[in-house]
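Okay, structure first, notes after.
The values are calculated or read from the model by the stated rules, or taken from the named source; none is laboratory data. As the structure is a computational prediction, the values presented were derived from the model and not from experiment. Cβ atoms come from the backbone with ideal geometry, glycine included; neighbour counts cover every protein chain shown. Note: areas computed on protein heavy atoms with side chains; ligands, DNA, RNA excluded. Shrake-Rupley method; radii C 1.70, N 1.55, O 1.52, S 1.80 Å.
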Amino acid sequence: MSIFSSKNFKLLTEPLNLQNPVTVQILGICSALAVTVKLKNAIVMGLSVLVVTAISNYVISLLRNYIPSRIRIIVQLVVVATMVILVDQILRAFVYDVSKQLSVYVGLIITNCIIMGRLEAFAMGNKPWPSFIDGVGNGAGYAMILIVVAFIRELFGSGTVLGIHIIPQSFYEAGYVNNGMMIMPTMALVLVGCIIWIQRSFNKELIEKD
Amino acid sequence: MINIFIKSIFIDNMIFAFFIGMCSYLAVSKTVKTSIGLGVAVIFVQIITVPVNYLLLEYVMKPGALSWLGSSFNGVDLSFLSFMVYIATIAAMTQLVEMIIEKFSPSLYNSLGIFLPLIAVNCAILAGSLFMEQREYKNIGEVFAWGLGSGTGWMLAIVSLAAIREKLKYSKIPAPLRGIGITFIVTGLMGLAFMSFLGITL
């Protein structure tokens, strides 16, 4: 089996748009919105989720024939929790300030529905390598939305991107004011709503019927 | 204690201030009736798991917490295990609660039944325990108030969203925005309304 057959490639690219975990499957919203005030936090969070999804998908897929179906949720939670503890310890060791700002949301990766959803829907019924790719694809789709939302919020909310001032000083002198609304948590919801709107007006098949 | 209770319902509302428990919040808020069922189930599990996790943290996992086993355990620090212990407690408790309700109150079981297993993976429950650890509440009474308050706040949010969504069915929304898109924006606006509670100091 080739490493990137066209089927596997589709597994990687579909979650980026038509099967996007955040905007189409509506999974993992909690953390997606809370960590998007700064772009740096969003990138770290996106990468953490990508790593956890990919590896726990792989592990569960390896174990899938040995897990009794009655206790599978607990087994899945333990595998995911182990991965999250690893990620949490690594974040604390190398990017302590970001880990402090992400606070409980790193721990909440355990109950992030993207991970549980992919484990249930994909890893329990597929071979390890496609599961791994599926995990990477879904993690990337999640990270993508996070980064877009965080970019908009940080640019308009604080006038910076990754902590570097982008909006020139002359704008402020001419009367430009940072949009304080963007820093507030509720704007993240409205932004995701708008992203869904834009995405669905390009992909008509995603429009919900009454 | 009353301060913590009021604060956790309105100011630190799980949904509007922290976006926690969003997945089931968006998925189950189509009708008022089911959202009340899920809300009650969340409160129920929350007031059991948060105090239990608090006791585990205080007497098993904190640095030096095991000293009641003898002085040789003074240096033991198991706090890195907290995620795993919390999630195991939650999964076990929901299972237990489900069995107890099934045994003693079949009518309540019929109305809550399908929601209880869902709750094990509801982030609101795990977040209740994680915030409990982060905010360092002093005694079990405060922890109980936090658990009850955060559950009530979550229920308040889901029931009011469900009520709005029932009315939204009759309004004319641009096709791509229909369904989940407008729900996001409505939640954002509700969050803005809830921000008016921020000025309250208790």
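Where does helix B:123-135 land angle-wise versus the long Cα axis of chain B, in degrees 0 to 90, nearest 10?
In chain B, helix B:123-135 runs at an angle near 50 degrees to the longest axis.
Across bins of 5 angstrom width beginning at 0, how are the C-alpha pair distances of chain B distributed, in whole percent?
Whole-percent P(r) values from 0 Å outward: 1, 7, 14, 17, 17, 15, 12, 8, 5, 2, 1, 1, 0, 0.
Tell me which DSSP H helices of chain A clear both cut-offs, 24 Å or more of axial length from alpha-carbon atoms and a mean Kyte-Doolittle hydropathy of at least -0.5. Provide the component values of the computation, followed by the final result.
Values: long enough: A:39-63 (36 Å, 1.73); A:72-94 (33 Å, 1.86); A:128-158 (43 Å, 0.96); A:185-202 (27 Å, 1.45).
Passing helices, by number: A:39-63, A:72-94, A:128-158, A:185-202.
Give the cross-link partners of B:Lys33 among the aspartates and glutamates, using a straight C-alpha distance below 15 Å as the criterion and excluding same-chain residues fewer than 8 apart.
Qualifying aspartates and glutamates at Cα under 15 Å: B:Glu166.
If r is the Cβ-Cβ distance from B:Phe80 to A:Leu47 and R0 is 30 Å, what FRET efficiency results, to the nearest 0.05? Spell out each step's value before the answer.
Values: r = 21 Å, r/R0 = 0.70.
E(calc), rounded to 0.05, equals 0.90.
Which angle between 0 and 90 degrees, to the nearest 10, do you get for helix B:180-194 versus the longest principal axis of chain B when only C-alpha atoms count?
It works out to around 70 degrees.
Calculate, in nm to one decimal, what B:Lys172 and B:Ala92 gain on full extension: separation in residues at 0.36 nm each, minus their alpha carbon distance.
Length gained, B:Lys172 through B:Ala92: 24.3 nm.
Using the Kirkwood radius over Cα pairs, work out the Stokes-Einstein diffusion coefficient for the protein assembly as shown at 20 °C and 1.002 mPa s, in µm²/s as a whole number.
96 µm²/s
Considering all projection directions equally, how large on average is the shadow of the alpha-carbon convex hull of segment A:1-99, in square nanometres? Each step should come with its number before you reach the end.
Details: hull surface 33.3 nm².
Result: a mean projected hull area of 8.3 nm².
Using label points projected 7 Å from each Cα along Cα→Cβ, tell me how many nm separate B:Ser107 and A:Val95, to one decimal.
5.4 nm
With θ set to phi - 60° and the Karplus curve 6.51 cos²θ - 1.76 cosθ + 1.60, what are the ³J(HN,Hα) couplings of segment A:172-182 in order, to the nearest whole Hz, using x for Gly and Pro?
5, 5, 7, x, 6, 10, 4, 7, x, 4, 5
What residues qualify as long-range amide H neighbours of A:Val161, i.e. H under 5 Å apart, gap of 5 or more or another chain, H built at 1.01 Å from N?
The answer is A:Ile166.
Using the heavy atoms of the protein chains and a 1.4 angstrom probe, tell me the accessible area per residue for the protein assembly as shown in square angstrom.
Solvent-accessible surface per residue comes out at 46 Å².
At 1.002 mPa s and 20 °C, plugging the Kirkwood radius over alpha-carbon pairs of segment B:1-43 into Stokes-Einstein gives what diffusion coefficient in µm²/s?
189 µm²/s
Can you list the lysines whose alpha carbon is less than 27 Å from that of A:Lys10, not counting same-chain residues fewer than 8 positions off?
Those lysines meeting the cut-off are A:Lys127, A:Lys204, A:Lys209.
Can you list the residues, at least 5 places off or on another chain, whose amide H is less than 5 Å from the amide H of B:Ile20, using H built in the peptide plane?
Result for B:Ile20 returns B:Ile15.
Working from the pairwise distances between different alpha carbons, so that the mean of 1/r is found and then inverted, what is chain A's Kirkwood radius in Å?
18.2 Å
How much FRET efficiency would the formula 1/(1 + (r/R0)^6) give for B:Val32 and A:Phe171, where r is the Cβ-Cβ distance and R0 is 51 Å, rounded to 0.05?
My answer for the efficiency is 0.60.
What's the average, rounded to a whole number, of partner chain beta-carbon atoms within 10 Å of each residue's beta-carbon in B:77-83?
3
Once you average over the residues of A:193-201, how many Cβ atoms of partner chains fall within 10 Å of each Cβ?
Mean partner-chain Cβ count within 10 Å for A:193-201: 6.
Where does helix B:140-168 land angle-wise versus the long Cα axis of chain B, in degrees 0 to 90, nearest 10?
The angle comes out at about 10 degrees.
May I ask you to list the aspartates and glutamates whose Cα is less than 16 Å away from that of B:Lys169, ignoring any residue fewer than eight positions away on the same chain?
Once the sequence-local aspartates and glutamates are set aside, what remains near B:Lys169 is A:Glu208, A:Asp210.
Output the Kirkwood hydrodynamic radius of segment A:45-123, Cα pairs only, in Å rounded to one decimal. Spell out each step's value before the answer.
Working: mean 1/r = 0.0778 Å⁻¹.
Here the Kirkwood hydrodynamic radius works out to 12.8 Å.
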